[in-house]
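J.: First the structure, then my questions, so here it is.
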Amino acid sequence: MESWLFLALVLVVALVGKNMSLIIATGVVMALKLIPFASKWLPVIQAKGINWGVTVISVAILIPIATGQIGFKDLINTFKSPAGWIAILAGIAVAILSRYGVDQLAAVPQVTVALVLGTIIGVVVFKGVAAGPVIASGMTYLIITLFNLHF
């Protein structure tokens with residue numbers, strides 16, 4: 001019962017904040033809870049879901065390469081600007097930090113509660129996006145803006 005109330009609260013916050021991603025995610029989790037035997041799948045989704053999500057995000061990121069919008073010329077030009085190097089370093093930093101973050105979640109599951117709360121607040125109140133690779137882009141944007149750099 002407590003989990004339903006918690007999910008309902010998250011759904012209400014998502015609706016008030018008009019965050020479609022969180023609305024859909026909460027709805028999916030609530031629907032899964034209604035399916036008989038889904039309790040066997042919830043731990044699998046919890047364990048593998050982040051990897052699945054990263055895969056979907058990676059597919060979306062690779063689409064401009066597949067469509068020809070991004071090519072080798074763009075890759076080479078990345079190495080010619082400070083902003084390009086910052087983006088590369090931000091991507092590396094986020095990947096490394098994410099590895100430690102995943103390890104910490106496995107070792108200290110209580111952190112999940114704080115992360116969920118923080119993510120909900122960040123998404124709903126501050127109109128953020130709950131997506132790891134986007135963090136690297138945001139860090140890059142911040143540094144580029146602070147130092148008035150360009151690609």
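The values are calculated or read from the model by the stated rules, or taken from the named source; none is laboratory data. Only a predicted model underlies this, so the values are computations on that prediction, with no experimental measurement involved. Please note: Cβ atoms are built from the backbone with ideal geometry, for glycine as well, and neighbour counts cover all protein chains shown. These area figures cover heavy atoms from the full protein model, side chains too; ligands, DNA and RNA do not enter into them. Shrake-Rupley method; radii C 1.70, N 1.55, O 1.52, S 1.80 Å.
J.: Highest GNM mean-square fluctuation, the chain, Cα pairs closer than 10 Å: which of Val94, Val29, Val13?
T.: Highest fluctuation among the options: Val29.
J.: What whole-number value in Å² describes the accessible area per residue of the chain for a 1.4 Å probe?
T.: 74
J.: Here's something else I'd like to know. So what are the radius of gyration and Dmax for the Cα set of the range 36-81, in Å?
T.: When restricted to Cα atoms, the range 36-81 yields Rg and Dmax of 17.6, 56 Å.
J.: Let a ≥ b ≥ c be the square roots of the eigenvalues of the Cα gyration tensor of the range 62-102; is it rounded (a/c under 1.5), or, if not, prolate (a/b larger than b/c) or oblate?
T.: oblate
J.: Rounding to the nearest 20 debye, state how big the charge dipole of the chain is about its Cα centre with +1 on each Lys and Arg Cβ and -1 on each Asp and Glu Cβ.
T.: Dipole magnitude for the chain comes out near 160 debye.
J.: Using modelled amide H (1.01 Å from N, peptide plane; none on Pro or chain starts), what sits under 5 Å from the amide H of Ile70, excluding residues fewer than 5 places away?
T.: Hits under the 5 Å cutoff: Ile65.
J.: Determine the share of the chain's accessible area contributed by carbon and sulfur atoms, expressed in whole percent, with a 1.4 angstrom probe.
T.: Accessible surface attributable to carbon and sulfur in the chain totals 76 percent.
J.: Which shape class applies to the range 5-74: rounded if a/c is under 1.5, otherwise prolate when a/b exceeds b/c and oblate if not, where a ≥ b ≥ c are the square roots of the Cα gyration tensor eigenvalues?
T.: oblate
J.: Next question, about the same structure. Once every DSSP H run of n ≥ 4 in the chain is given -39500 (n - 2.57) and the sum is divided by its residues, what mean residue ellipticity at 222 nm do you get, rounded to the nearest 500 deg cm²/dmol?
T.: Value at 222 nm, helices only: -26000 deg cm²/dmol.
J.: Oh, and also: Is the chain rounded, prolate or oblate when judged by the Cα gyration tensor, a ≥ b ≥ c being the square roots of its eigenvalues, rounded requiring a/c under 1.5 and prolate requiring a/b larger than b/c?
T.: Verdict is prolate for the chain.
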